[in-house]
Structures are given as C-alpha cells and as structure tokens.
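*Asks:* There's a structure below that I have some questions on.
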Amino acid sequence: MRTIAIIGAGPAGIEAASVLAAMEETEVLLFEKSATTLDNLRDKAFLFPDFSSAADLVEIMEAKLDRDNIKLHLSTAITSVVSTSSATEAGGIMAWELQDASGVRYQADAVLVTTGYKVFDAHRKEELGYGIYPGVITSIDLEKKLKEGKILNAVGDTPKKIVFLQCVGSRDEKSGNHYCSKVCCVTAVKQAIEVRKMLPEVEAYVFYMDLRMWGGGFEEMYREAQEKYGVRFVRGRISEAASTFDGKIQIKSEDTLVGLPLKMSADLLVLMVGMEPSEGTKTLTHQCNCADAYGFATTVNPHLRDNETAQPGLYVAGSCKRPMSINDSLTDARSAALRIAEYLK
Amino acid sequence: MRNLKFGFAISIPRSINMDTADNRLLKQLEEEVPSFKRCMNCGACSATCSARQFTDYNIRRIHSLFRMQQYQDLENELKPCMLCGKCTLVCPRGVNLRSMIMNMRKILTDPKRKDNE
Ligand SMILES: Cc1cc2nc3c(=O)[nH]c(=O)nc-3n(C[C@H](O)[C@H](O)[C@H](O)COP(=O)(O)OP(=O)(O)OC[C@H]3O[C@@H](n4cnc5c(N)ncnc54)[C@H](O)[C@@H]3O)c2cc1C
Ligand code: SF4
Ligand code: SF4
Ligand code: SF4
C-alpha cells in the first residue's frame with residue numbers, strides 16, 4: 001500500500017486524486033484548508049471557453065472524490081512538508097511528513113502540491129478606488145452578481161454603462177507582478193457578453209493593453225463580443241477613477257489608438273483582478289525551495305519535467321505554478337499523477 | 001510631399017469626452033456596414049493605402065475616431081480616399097472598408113445628420 005498526499009482540493013488536486021486513486025494498492029490523502037472543496041469554482045457563474053455552468057463542473061468534480069481510498073480532510077491547512085528519510089534508506093523512495101495548522105502529522109510516500117492561487121487584492125491599487133467607491137467592483141464581485149442574476153449600480157438602479165479594466169495587479173511594476181495572469185482577458189470578454197445578454201441596453205467598454213486570446217475559441221469569442229454583442233474595446237490603461245456626485249465613476253485613460261486623452265463616466269467599473277500564488281502556495285514553495293520571484297512553484301524543467309521539484313517525491317501541479325485556466329490545471333494534474341505513478345512503481 | 005494637404009485644415013479633437021459623445025452615427029454606420037464592428041485596429045488598411053503614402057490621410061485613425069464617436073471634421077479627412085479598395089483586400093477581419101468609407105461620407109454629409117451638428 002502506498003500513500004500519496006495531495007495538498008489543495010481545487011480542480012487540480014481533485015483531478016490528480018481521482019486518477020491516482022484508480023490505481024491498485026493506493027491511498028490518497030487530500031487536504032483542503034477551506035470547509036468546502038473547489039472554492040475558486042463555487043463563486044463563478046459560467047466558465048470560459050464554453051459558457052458552461054460552474055455549478056455543474058463542481059458537481060462532476062465532487063463525484064470524482066466518491067471513492068473509499070480517497071480520504072478528504074476538509075478545514076485542514078497544511079503548514080509544513082518535510083522529507084523524513086533519504087532516498088536510499090527507504091529503498092529509492094523518500095518518506096514524507098506533513099503537518100497541519102493544529103499540529104497533526106500525516107505520513108506519505110509522495111506529495112503533490114496543488115495549493116493554487118488567490119486573486120489580487122484590488123485595494124492595493126488605490127487610484128482605482130476599490131473599497132472607496134461602491135461603483136468600483138472586481139471581476140469576482142461581478143461574477144457573483146451574474147450568478148445571482150442581478151446587476152445594479154451603486155445607487156440601486158440598472159446600469160447603463162459598464163467599463164472593464166484589464167491587467168489589474170498584473171503586468172504592473174507597482175503591484176510587484178510583472179507577469180500576465182492569463183485568464184483575465186478572456187474573462188472580461190466572457191463577462192461583457194454575459195452582461196450584454198442580461199442587460200441588452202447596457203453599453204460595455206473593455207479597456208485593454210493587449211487582448212491575449214491564447215486559447216482555443218478565445219479569439220472567436222472576442223469577435224463575437226464585438227459583432228454580436230456590440231462590446232466596445234478601447235486600447236489604454238485607466239490611470240485613475242473618481243466618483244461623481246451622482247454615484248458614477250469617472251475614469252481617465254488615453255485612447256492610445258488615436259493618441260488622445262479620454263474621459264468617461266460609467267455606472268460600474270469592473271477591475272479584472274489577476275492571479276497571485278495563494279498563501280498556502282507561498283508557504284510551501286518557500287519551505288521546499290521551489291519558489292519563483294512571486295512565490296509560484298518552479299519545476300525542474302519547463303518542457304519535460306514540469307511537475308517535478310528538485311526533491312524526489314515532491315510534485316506540483318495547477319495554478320500554484322503559474323496562472324492557468326481550469327482545463328490547463330486539469331491536464332497538468334493528470335500529468336503529475338502519471339509522474340507520481342511512475343515514481344512509486 | 002508627405003505633409004501635402006488638400007486645401008483644408010485637419011482639426012481633430014484634443015481629447016475625447018465619452019460623456020458628450022453621440023453614438024447615433026456610429027450605430028447607423030454599424031447597421032449599414034456590420035463588418036465594421038469586427039475591426040481589431042491592426043492598421044493593415046492604412047499601411048496598404050496609397051493615399052496614406054503621400055498625405056497625412058490615415059483611414060485607420062479615421063475609423064478609430066469614428067468608433068470613439070469623434071466625428072469632428074472627418075468628412076474632410078476622408079477626402080483623399082480614392083475608393084480604390086486596396087484596404088478592403090488586406091483587412092484580416094474582413095471589414096468592408098470601401099463600403100464603410102462611402103457610408104461614413106453619406107452619414108457625415110447628410111443634411112439631416114442624426115446628431116444635428
Ligand atoms: C476572475 C477569474 C475567473 C476565472 N474564470 C475561469 C473560467 O471561466 N474558466 C477557466 O477555465 N478558468 C477560470 N479561472 C481560473 C480557475 O479559477 C483556475 O484555473 C483553477 O481554479 C485552478 O485550479 P487549481 O486547483 O490549480 O487551484 P485552486 O482552484 O486555487 O485550488 C487550490 C485549493 O488549494 C487549497 N489550499 C491552498 N493552500 C492550502 C493549504 N496550505 N492546505 C490545504 N489546502 C490549501 C485552496 O483552498 C483551494 O481550494 C478564473 C480565474 C479568475 C481569477
Ligand atoms: S490575461 Fe489579459 S488582462 Fe490578464 S494580465 Fe494578461 S493581458 Fe492583462
Ligand atoms: S485592416 Fe481591418 S481590422 Fe485592421 S485596422 Fe483596418 S479595418 Fe481594422
Ligand atoms: S479605398 Fe481609400 S482608404 Fe482604402 S486603400 Fe484605397 S485610398 Fe486608401
């Protein structure tokens with residue numbers, strides 16, 4: 001019997017657990033710091049690239065845990081992961097010991113870290129007024145409104161103009177994040193389409209620096225947003241937002257395509273917040289000496305050994321490595337599970 | 001040669017105020033030429049344009065200004081266009097620029113212009 005510990009029950013952790021648990025003589029310990037699994041899916045309404053329901057995906061993913069040899073430990077934050085033997089002592093396989101926040105210890109033959117991301121805290125971009133003006137919200141806040149099926153402006157009326165701003169907390173020296181968060185461009189396009197479906201009278205503007213439509217169907221979705229849903233795209237980064245006397249948000253930007261400064265007021269300003277390593281990710285990557293400059297997990301080789309860390313038996317998968325979409329996180333988790341299976345063979 | 005002008009002064013706005021912008025002409029153009037909505041501002045149209053080579057005329061900038069509902073003086077700015085259609089041939093998003101230009105002219109010079117300027 002071999003025991004594999006997986007830390008984080010998001011899409012990546014659950015997928016890897018279900019693949020590994022299908023093997024003989026295997027037990028999976030799956031740890032989740034929150035009281036529920038899949039928190040980063042539960043707050044979403046519909047998912048890119050296919051507008052499928054997030055609730056349906058949660059249900060399917062939860063069902064994958066329905067096996068006797070997967071032991072799910074909810075409300076259990078893992079705070080430490082150490083190897084307790086050298087590879088030679090254990091016959092080629094390291095022994096690992098995990099400890100949770102209340103000091104309970106767990107033993108495992110291999111460890112997979114799938115501790116994921118957290119969203120950028122928009123309060124940090126003070127000039128954009130999040131937490132100061134009620135008309136400034138984040139993409140996560142909007143997602144909740146889309147889920148409830150109700151979008152109102154700061155004074156409780158149906159909004160007429162909604163502005164989306166890309167790259168909040170990403171590609172930004174001031175936030176300390178030089179990288180691109182990868183999911184927010186397409187999320188803005190997706191949300192703008194959803195808003196226009198729900199409120200056909202609303203004008204939707206997306207302010208962008210580049211539109212990074214890297215995934216299958218993304219560029220088509222962008223085209224459709226323009227053509228079918230009349231979403232308007234303006235190239236320029238909003239430098240500041242302020243409130244007007246009637247509760248609207250006045251924004252300042254430059255339309256870099258015509259080279260003119262631009263002013264506009266909107267009912268809602270939606271900040272497309274980026275992805276940062278979760279606290280759990282940062283703690284564990286630093287402890288295991290595999291943190292990059294931001295605290296995401298690094299691997300031995302980005303092409304061929306992209307789930308392995310320098311320590312045998314310690315693996316990483318999903319958005320704890322870098323910003324990733326769900327399907328990329330799932331694929332990455334399956335590839336990590338395969339690596340672990342080979343290692344324990 | 002490059003800055004040759006055709007007897008009219010270009011007076012584009014100095015800033016864009018979207019709160020006073022009037023989207024009716026834009027909507028009219030989008031109805032007449034639906035492909036206009038698809039533009040991704042790549043600039044292939046202005047790059048290939050012969051008029052662009054010899055004058056300040058820039059069809060990409062003109063349709064960007066139209067999209068931002070800044071119509072001021074655009075009918076004059078459009079004058080150098082010879083309607084040769086080269087821009088339509090190269091556009092990667094299949095925008096019918098020739099039709100767009102003709103319809104812009106029509107909309108902008110209409111005596112009953114929707115924004116009553
Ligand atoms: C605004 C926004 C919208 C998005 N929309 C989409 C979309 O429509 N389609 C799409 O494909 N992707 C979307 N994504 C991306 C998607 O959320 C991620 O790809 C996915 O959640 C990554 O899965 P994961 O398992 O790697 O990480 P996570 O979902 O972050 O899961 C990690 C889990 O680990 C747990 N954890 C962390 N630390 C510890 C610890 N120390 N101990 C125990 N547990 C711990 C966390 O509580 C969490 O449950 C979106 C992202 C954002 C920011
Ligand atoms: S995906 Fe788009 S919005 Fe997000 S950081 Fe990258 S460029 Fe900016
Ligand atoms: S070539 Fe087409 S897509 Fe590119 S700027 Fe011109 S009209 Fe737009
Ligand atoms: S039709 Fe007009 S804008 Fe297009 S290439 Fe010819 S001259 Fe230039």
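*Asks:* Can you confirm whether A:Asp267 is more than 10 Å from chain B (Cβ to nearest Cβ) and under 28 Å from the mean Cα position of the chain (by Cα)?
*Replies:* Criteria met by A:Asp267.
*Asks:* In the range B:63-91, which residues are without any contact (Cβ under 8 Å) to a residue 60 or more places away in the chain, open to solvent by 10 Å² or more (accessible area, probe 1.4 Å) and either within 16 Å of ligand 1 (Cβ to nearest atom) or not in a loop (DSSP other than H, G, I, E, B) (or both)?
*Replies:* B:Arg67, B:Glu75, B:Lys86, B:Cys87, B:Thr88, B:Leu89, B:Val90
*Asks:* For the range B:49-62, give me each residue that is away from chain A (no Cβ under 14 Å) and open to solvent by 30 Å² or more (accessible area, probe 1.4 Å).
*Replies:* Answer for the range B:49-62, where residues must be away from chain A (no Cβ under 14 Å) and open to solvent by 30 Å² or more (accessible area, probe 1.4 Å): B:Ser50, B:Arg52, B:Gln53, B:Phe54.
*Asks:* Right, B:Met68: of a type in the set (A, V, I, L, M, F, W, C) and within 12 Å of another protein chain (Cβ to nearest Cβ) or not?
*Replies:* When the stated conditions are applied, B:Met68 passes them.
*Asks:* For the range A:176-187, does any single residue satisfy the condition of being within 14 Å of ligand 1 (Cβ to nearest atom) and within 14 Å of chain B (Cβ to nearest Cβ)?
*Replies:* Looking for residues that are within 14 Å of ligand 1 (Cβ to nearest atom) and within 14 Å of chain B (Cβ to nearest Cβ), one finds at least one in the range A:176-187, hence yes.
*Asks:* Then there is this: Only residues in the range B:94-117 that are over 15 Å from B:Leu26 (Cβ atoms) count as the first member; pair them with residues that are of a type in the set (Val, Ile, Thr), Cβ under 7 angstrom, at least 6 apart or cross-chain, and list the lot.
*Replies:* B:Asn96/B:Val33; B:Asn96/B:Thr88; B:Leu97/B:Ile59; B:Leu97/B:Thr88; B:Arg98/B:Thr88; B:Ser99/B:Val33
*Asks:* Also, quick follow-up: State the number of residues belonging to the range B:92-117 that are among the aliphatic types (A, V, I, L, M) and not in a helix (DSSP H, G or I).
*Replies:* Looking only at that region, the number is 1.
*Asks:* State all residues of the range A:222-234 that are among the basic types (Lys, Arg) and more than 7 Å from chain B (Cβ to nearest Cβ); if no residue qualifies, say none.
*Replies:* A:Lys228, A:Arg232
*Asks:* Which ones in the range B:8-48 are in contact (Cβ under 8 Å) with a residue 12 or more places away in the chain, more than 9 Å from chain A (Cβ to nearest Cβ) and of a type in the set (S, T, N, Q)?
*Replies:* If the condition is that a residue be in contact (Cβ under 8 Å) with a residue 12 or more places away in the chain, more than 9 Å from chain A (Cβ to nearest Cβ) and of a type in the set (S, T, N, Q), then B:Ser11, B:Gln28, B:Ser46, B:Thr48 are the ones that fit.
*Asks:* Sticking with this structure for a sec: Would you point out the residue of the range A:206-224, among those that are open to solvent by 30 Å² or more (accessible area, probe 1.4 Å) and within 14 Å of ligand 3 (Cβ to nearest atom), that is farthest from A:Met264 (Cα to Cα)?
*Replies:* A:Glu219
*Asks:* OK, next. Going by what's in this entry, would A:Gly274 be described as more than 23 Å from A:Pro134 (Cα to Cα), within 12 Å of ligand 1 (Cβ to nearest atom) and in contact with a Ser or Thr (Cβ under 7 Å, 6 or more places away or on another chain)?
*Replies:* No; evaluated as a whole, the condition is false for this residue.
*Asks:* Kindly check whether there is at least one residue in the range A:61-75 that is under 23 Å from the mean Cα position of the chain (by Cα), more than 14 Å from chain B (Cβ to nearest Cβ) and away from ligand 1 (no atom under 14 Å from the Cβ).
*Replies:* yes
*Asks:* Against the condition among the β-branched types (Val, Ile, Thr), touching a residue at least 60 places away in the same chain (Cβ under 8 Å), within 16 Å of ligand 2 (Cβ to nearest atom) and open to solvent by less than 10 Å² (accessible area, probe 1.4 Å), how does A:Val136 come out, does it pass?
*Replies:* no
*Asks:* How many residues does the range A:275-309 contain that are under 27 Å from A:Ser139 (Cα atoms), hydroxyl-bearing (Ser, Thr, Tyr) and either open to solvent by 40 Å² or more (accessible area, probe 1.4 Å) or assigned to a strand (DSSP E or B) (or both)?
*Replies:* 2
*Asks:* How many residues are within 11 Å of ligand 2 (Cβ to nearest atom) and in a helix (DSSP H, G or I) when one looks only at the range A:163-203?
*Replies:* Residues flagged as within 11 Å of ligand 2 (Cβ to nearest atom) and in a helix (DSSP H, G or I) within the range A:163-203 amount to 7.
The values are calculated or read from the model by the stated rules, or taken from the named source; none is laboratory data. The structure presented is a predicted model; accordingly, all values stated were derived computationally and were not measured. As a convention, Cβ positions derive from the backbone with ideal geometry for all residues, glycine included, and neighbour counts pool all protein chains shown. We work out accessible area using only protein heavy atoms, side chains counted, and drop any ligands, DNA or RNA first. Shrake-Rupley method; radii C 1.70, N 1.55, O 1.52, S 1.80 Å.
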